[in-house]
C-alpha cells in the first residue's frame, strides 16, 4: 500500500513531457559531482562509480577555457580540485578576481579555467576537495570536457539499451553564466552546440540516447536555454533564500532545486515548500545529501526517511549508493 501511495504522489507533479524527468517509485538519485564522497569529484572514475551504484543521473558542472571549451569543474577556480598550485609552469597565471555569483561577489586569488587553454587544463590532475574524505586517489585522474563525459555516457547507454536497463542521464549545471558571458563566452550556445552534435539537444533525442536535464542558479540563463531547447530546466535555489515566487518560476522552468534548508525549517520540521512547488507543477530536486555532513542531526536512515516523507522528486547525493539503498529498503 505504501508503494502505491508513493507512486501516486510522484506522478502528480508533471510539467515537462520528458518521462526521464520523473520516477514513479522513488525520488531520482542524482550523483552530485559523481560519487564524490568516495572518489575525487568530476572525474570519469567518480561518474563510473556513481553509475555502478545505480544513480539515475551524474551531475557535471561546466566552466569555459580561454579557447572556448567547456570543462568539468565545480567553479572556474582550479585550486581546490586540482594540483595546479604544484605546477611551476602555471605560476604566471595566478591572479585575483572578483566574480559575481548567486552568493554575491566572491574575491578569490588562484588559478582560473578561463585563463587556461584546454591543453593546459589537461596537464592538471584531480584531487579530493574535502580533507576528511579518502585522499588515496589524488593526482591519478585527469580533468574532463563535457564532450568526453557525454560520449562516455552515450557508450554506457548503448549497452543499457541492449540489456533493457534504464539509461544513465546527465544533469548539467552551467556555472556563473552571466559572468562568463560578460567576458565574451556564450556558454549557453556553447553547451547547446555540443548537445546538438550528439542529437541530444531535445527531449526526443535525449530520451533515446542520453537523458539530459539543465540546471542553473541564474534564472536568465535558464530562460535563454528555454528559448532554444525543450530539455527540462531546473532553477537552483540557495539554502539561505527565504522568499520565493514559485508561481513566477513556473513560467520558465520545469523544476526547482532547493537547498535542504528550504525543505526543513530551523526545527527540522517540513515546510510547505514542496507542496507549493507541486501545486505549480514543478518538480523538486533537493540538494545536497552528504553522509559525512548530516543535516538536522538526523541519523543516516532517518535522513532518507525524512527525504521520502518530504515528497521531493529527486535528491542530489554525494554518496549515491546510500540513496539507492535506503529508498529501496524504506519503501
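Of all residues in the range 43-65, those satisfying the criterion of being in contact with a helix residue (DSSP H, G or I) (Cβ under 9 Å, 6 or more places away or on another chain), under 21 Å from residue 216 (Cα atoms) and assigned to a loop (DSSP other than H, G, I, E, B) are 55, 56, 60, 65.
Only one of these is surrounded by fewer than 23 Cβ atoms within 10 Å (Cβ to Cβ) and touching a residue at least 12 places away in the same chain (Cβ under 8 Å): 313, 321. Name it. Steps first, please.
Values: 313 fails: surrounded by fewer than 23 Cβ atoms within 10 Å (Cβ to Cβ).
Exactly one residue qualifies, and that residue is 321.
Anything in the range 285-300 that is part of a loop (DSSP other than H, G, I, E, B) and either without any contact (Cβ under 8 Å) to a residue 60 or more places away in the chain or within 18 Å of residue 215 (Cβ to Cβ) (or both)? List them, or say none.
Once the filter is applied, which keeps residues that are part of a loop (DSSP other than H, G, I, E, B) and either without any contact (Cβ under 8 Å) to a residue 60 or more places away in the chain or within 18 Å of residue 215 (Cβ to Cβ) (or both), the range 285-300 yields 293, 294, 295, 296, 297, 298, 299.
Please specify each residue of the range 103-120 satisfying the condition of being in contact (Cβ under 8 Å) with a residue 60 or more places away in the chain and either surrounded by fewer than 15 Cβ atoms within 10 Å (Cβ to Cβ) or part of a strand (DSSP E or B) (or both). Break it down stepwise before answering.
As a first pass, look at the range 103-120 and keep what is in contact (Cβ under 8 Å) with a residue 60 or more places away in the chain: 103, 114.
Listed by number, the list holds a single entry, 103.
Is the range 200-208 home to any residue that is touching a helix residue (DSSP H, G or I) at 6+ places or on another chain (Cβ under 9 Å), part of a helix (DSSP H, G or I), touching a residue at least 12 places away in the same chain (Cβ under 8 Å) and crowded, with 19+ Cβ neighbours inside 10 Å? Yes, because at least one residue in the range 200-208 is touching a helix residue (DSSP H, G or I) at 6+ places or on another chain (Cβ under 9 Å), part of a helix (DSSP H, G or I), touching a residue at least 12 places away in the same chain (Cβ under 8 Å) and crowded, with 19+ Cβ neighbours inside 10 Å.
Laboratory data are not the source of any read-out in this text; all were calculated from the coordinates shown. All values reported here derive from a predicted model rather than from experimental measurement. Here the Cβ is made from the backbone with ideal geometry for all residues, glycine too, and neighbour counts use every protein chain on show.
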